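Below is one structure; the comments refer to it alone.
Only the coordinates and a few stated rules stand behind these numbers; no lab work does. Keep in mind that this is a model prediction, so the values were computed, not measured. So basically every Cβ, Gly included, is an ideal-geometry build from the backbone, and we count neighbours across all protein chains shown.
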Amino acid sequence: MEEGNEAEGFAAGTSWGDVPDDWCCPDCGVREKVDFVPLASDSVS
């Protein structure tokens, strides 16, 4: 997360691997991390 989201507890630079599997997106409501698809230009760690 380049921008981070302090309100959700994620500092800028948080690795996607450090986001809990049960995290729910506050913007789109996707309920599980596995439902997200990485962009081709992003690296997943």
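Some points to look at:
- Anisotropy class of the range 1-40 from Cα gyration tensor, a/c 1.5 cut: oblate
- Counting charges near CYS24 (Lys, Arg +1; Asp, Glu -1) among other residues having Cβ under 15 Å from its Cβ returns a value of -4.
- Charge context of PHE10, other residues only, Cβ under 10 angstrom, K/R +1, D/E -1: -4
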